[in-house]
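The values are calculated or read from the model by the stated rules, or taken from the named source; none is laboratory data. This is a predicted model, so every value here is computed, not measured. Using ideal geometry, Cβ is built from the backbone for each residue, glycine included, and neighbour counts are taken over all protein chains shown. Keep in mind that these areas ignore ligands, DNA and RNA; they rest on the heavy atoms of the full protein, side chains included. Shrake-Rupley method; radii C 1.70, N 1.55, O 1.52, S 1.80 Å.
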Amino acid sequence: MSIIRALKVSVLAGTLFAAGAFAPGSGSTAVAAQDVSVCLWGTITGPDAILNGMSYGARDYFEYLNQFKGGIAGQKVRTLLLDGRYKLDEELKIYRRCVDQEQAVFVSGWSTGAVKALRDQIAQDQIPFMAQSHSSEVLDPVKLPYIFIPGPTYEQQMVIALRALKQQGGKTVAVMHPDNEYGRGPVNVVRQSGLIEKTGLKLADTIEFPFDTQDLTAQMLRLKSRNPDMVYVQASTPQLLVILRDAAKVGLPAKLFVGNMYNISAAIPEQLGKGAEGFRTIQIYADFGADIPAMKEIDAFRTKNEIAKQDVYYMKGWFQGIVMAKAIENAIAKNGGKIPDDIRSFRKAVRTEMTSLRSLDVGGIVPEANYDTHQGTTLARIAEIRDGRYVPVSDWIDAR
Amino acid sequence: MKRAHFIVGVAVAAAVLAVTPFLDRYVAYLVTIVAISSIGALGLNLLTGLCGQISFAQAALMGIGAYTAGNLCNAGLGLFAIPLGGLAAATASVVIGLPALRLRGLYFAIATLAAQFILEYLFKILEPLTHGISGLLIRPPTVLGFAIQDDRAYARLAVALLFLVWSGIGVLRATNLGRSFLVVRENEIVARGMGIDVARTKFWAFLLSGFIAGIAGAMSGIASRLANPEAFSFALSVDYVAMIIVGGQGTLTGPLLGAAFVTLLPEAIQRIGELFNTPSILSALREFAFGMLIILFLIFEPLGLMAVVRKLRLRLTASKPGGKSPAATTEAV
């Protein structure tokens with residue numbers, strides 16, 4: 001190959017590489033200046049896809065507004081749901097697409113790790129961001145003014161369980177968690193802050209186990225020897241199935257265990273049968289099918305559309321859709337019913353309206369939403385598996 | 001490296017650098033991750049494709065680069081953190097490579113697998129250095145007081161590093177050491193018979209491969225502003241093995257094609273799904289499609305994308321009057 005020819009080929013290749021295949025907006029729909037665009041990513045496929053109702057719920061709420069209410073302020077909402085696959089680089093990539101290419105006015109993202117990696121970027125971009133994570137590390141209205149979370153932090157959920165135990169006269173608690181960030185992080189915060197002792201309880205033991213564990217019999221024997229009044233589990237459903245199965249092996253009842261909000265799963269009573277009876281968990285959002293006003297909207301939506309996941313996580317997503325839409329609606333109303341021309345000022349206005357949401361009626365999914373503290377609600381109640389169904393067994397308990 | 005190849009490399013890098021300021025952040029980020037993956041794949045290719053030592057510890061070595069660079073960036077060392085991240089990974093790579101002096105083939109691959117899991121575990125428990133499970137937040141590096149925190153700047157930096165690594169390996173292949181790698185890969189006994197110091201050759205392969213992996217990891221940590229154990233798991237090591245298989249082991253440009261293919265394929269499938277309004281369905285099929293494509297490559301084109309490129313080039317050359325014969329234009333691997 002001559003040098004001249006090599007140069008020709010290389011210039012062509014370079015141009016194609018950089019300007020063609022990666023051209024801005026390639027493959028994406030053109031963005032009109034007057035669009036209301038909301039961009040969401042979840043784990044459609046990936047290790048915690050069992051919870052992806054959260055993403056479908058938010059997307060479907062905006063679709064419900066389009067189909068039944070004519071959108072927001074007469075403007076159809078363009079909603080894009082992408083698959084982050086619980087992979088950091090994928091999520092970081094999607095965030096940039098949402099902000100730059102889709103010109104989204106509100107972004108909702110998935111993993112704690114991604115939100116942490118993006119938190120400076122989000123502040124810099126000044127874009128309202130609804131996290132799916134309940135990690136306290138992404139909740140800071142002063143330093144992270146654009147990040148909002150949908151409910152009590154993992155630590156607060158643990159506090160709610162501890163208070164419920166104290167109310168019932170319990171004295172000792174043991175904690176179990178997997179060896180990942182989701183498991184270890186909140187437990188460390190609670191232990192180091194002395195919240196267990198402040199509640200008037202004693203920590204009997206802390207047991208860490210591998211995230212992909214298949215057998216916990218030895219840990220259950222250790223737990224049995226500690227004889228706690230309650231075992232709080234900061235884990236996901238797959239691990240909880242192993243915990244309850246192996247607890248039964250050594251004679252520990254399911255009633256001893258309390259899980260966090262991600263342990264409301266039909267898989268638990270279905271797979272464990274009577275072995276799951278009495279298991280308790282933190283319930284923040286009303287269950288799918290509950291007798292609440294929001295369910296009427298969902299039923300109406302269901303008449304024309306298929307709902308991919310009919311569970312409590314879908315309700316969480318629907319709740320997030322309601323609050324995001326309300327903030328967008330208020331921002332447009334304050335601008336004389338028109339969408340601000342400049343996306344930056346639109347985003348800032350939506351952020352301001354988000355923090356102004358007080359006592360918002362969300363159709364009974366949670367008692368009411370307040371976003372002055374950036375977390376929607378700090379209330380939760382305890383639900384228990386009875387006859388194969390999760391039944392609320394406590395009043396609303398405030399973690400604050 | 002042939003002069004023409006070098007010029008092509010310079011021109012492609014220059015073209016990419018020239019258009020980078022005009023890219024939006026999303027596209028700039030794509031360029032960054034493709035460049036980082038290409039650097040990592042070149043590093044693994046040096047060890048596996050050129051020297052014949054199969055390694056499953058590439059992600060862990062990148063992790064060492066990311067954590068080292070992250071801590072040094074946070075300490076204010078700026079871009080010096082990147083080569084220092086490379087040095088830390090090179091040191092670890094030599095330590096991991098020590099068993100290679102006694103183990104071969106599958107046995108050595110298992111030893112690297114063990115190293116991957118040990119390092120992953122260390123990332124989780126060495127909290128003062130790694131911040132454990134929650135990960136190390138990395139502040140943007142500064143140059144002359146200015147923080148580099150723009151995606152376009154990261155893209156330029158990553159492409160420049162990729163060019164340096166690519167041309168460096170190109171030069172290395174033409175040296176005695178580079179040729180020794182190839183002989184060791186083909187047959188260690190023959191290599192000894194030819195007077196090649198096999199242990200020394202492997203030592204250099206581990207050192208250089210580790211250094212390059214560390215550079216990739218450092219750049220990855222800086223661009224994502226976070227180094228956490230989950231980002232450097234075994235699955236990433238497998239991705240890198242896939243990159244060099246798909247691209248073409250032992251070639252200079254193959255790992256770049258493999259890295260671009262593996263990194264951009266999920267994005268392409270996503271976009272196709274959106275085009276036909278079926279993103280959720282195609283999203284679920286994405287991993288399946290990815291696995292199927294790798295199997296198809298192994299069956300129908302085990303020499304990778306570079307072999308496909310060569311065949312296309314041969315056809316184009318042969319179809320022209322006075323074109324060179326296939327034998328005359330085929331490059332040695």
(request) Inspect all residues belonging to the range B:287-299 and state whether any of them is at pLDDT below 85, over 30 Å from B:Tyr121 (Cβ atoms) and within 12 Å of chain A (Cβ to nearest Cβ). (result) yes
(message) So, in the range A:194-206, exactly how many residues are part of a helix (DSSP H, G or I) and surrounded by 15 or more Cβ atoms within 10 Å (Cβ to Cβ)?
(response) 2
(request) Would you kindly identify the helices (runs of 4 or more DSSP H) lying entirely within the range B:176-256 that contain at least 2 residues that are among the polar types (S, T, N, Q) and open to solvent by 10 Å² or more (accessible area, probe 1.4 Å)? (result) B:176-186, B:198-224
(request) Within the range A:132-149, track down each residue that is modelled with pLDDT under 95 and touching a strand residue (DSSP E or B) at 6+ places or on another chain (Cβ under 6 Å). (result) A:Val138
(request) For A:Asp100, state whether it is within 30 Å of A:Ile332 (Cα to Cα) and at pLDDT 85 or above. (result) yes
(request) Go through the range A:244-282 and give me each residue that's open to solvent by less than 40 Å² (accessible area, probe 1.4 Å) and not hydrophobic (A, V, I, L, M, F, W, C). (result) A:Asp246, A:Gly259, A:Asn260, A:Tyr262, A:Asn263, A:Ser265, A:Pro269, A:Gly273, A:Gly275, A:Gly278, A:Arg280, A:Thr281
(message) Checking the condition in contact (Cβ under 8 Å) with a residue 24 or more places away in the chain, among the hydrophobic types (A, V, I, L, M, F, W, C) and at the interface with chain A (Cβ under 8 Å from one of its Cβ atoms), which residue from B:Leu236, B:Leu226, B:Leu256 passes?
(response) B:Leu226
(request) Residue by residue through the range A:323-341, note down the ones that are open to solvent by less than 50 Å² (accessible area, probe 1.4 Å) and touching a strand residue (DSSP E or B) at 6+ places or on another chain (Cβ under 9 Å). (result) A:Val323, A:Met324, A:Ala325, A:Ala327, A:Ile328, A:Ile332, A:Ile339
(request) Could you please find all residues in the range B:303-314 being without any contact (Cβ under 8 Å) to a residue 40 or more places away in the chain and not basic (Lys, Arg)? (result) B:Val308, B:Leu312, B:Leu314
(request) Please enumerate the residues belonging to the range A:161-172 that are in a helix (DSSP H, G or I) and farther than 14 Å from A:Phe257 by Cα. (result) A:Arg163, A:Lys166, A:Gln167
(message) So in the range A:288-315, with the set limited to residues that are part of a loop (DSSP other than H, G, I, E, B) and more than 22 Å from A:Tyr390 (Cα to Cα), which one is most open to solvent (accessible area, probe 1.4 Å)?
(response) A:Glu306
(message) Report every pair of residues separated by at least 6 positions or lying on different chains whose Cβ atoms are under 7 Å apart, first residue within the range A:207-223 and open to solvent by 70 Å² or more (accessible area, probe 1.4 Å), second among the basic types (Lys, Arg).
(response) A:Glu208/A:Arg184
(request) Report, by residue number, each residue of the range A:342-372 that is β-branched (Val, Ile, Thr) and open to solvent by 20 Å² or more (accessible area, probe 1.4 Å). (result) A:Ile343, A:Thr352, A:Thr355
(message) For the condition closer than 30 Å to A:Ala327 by Cβ and either hydroxyl-bearing (Ser, Thr, Tyr) or surrounded by fewer than 22 Cβ atoms within 10 Å (Cβ to Cβ) (or both), what is the one hit in A:Pro150, A:Pro145?
(response) A:Pro145
(message) For the condition more than 21 Å from the chain's Cα centre (by Cα) and of a type in the set (Phe, Trp, Tyr), what is the one hit in A:Phe68, A:Phe106, A:Phe62?
(response) A:Phe68
(request) Return the total of residues in the range A:45-80 being open to solvent by less than 20 Å² (accessible area, probe 1.4 Å), outside any loop (DSSP other than H, G, I, E, B) and closer than 26 Å to B:Thr263 by Cβ. (result) 1
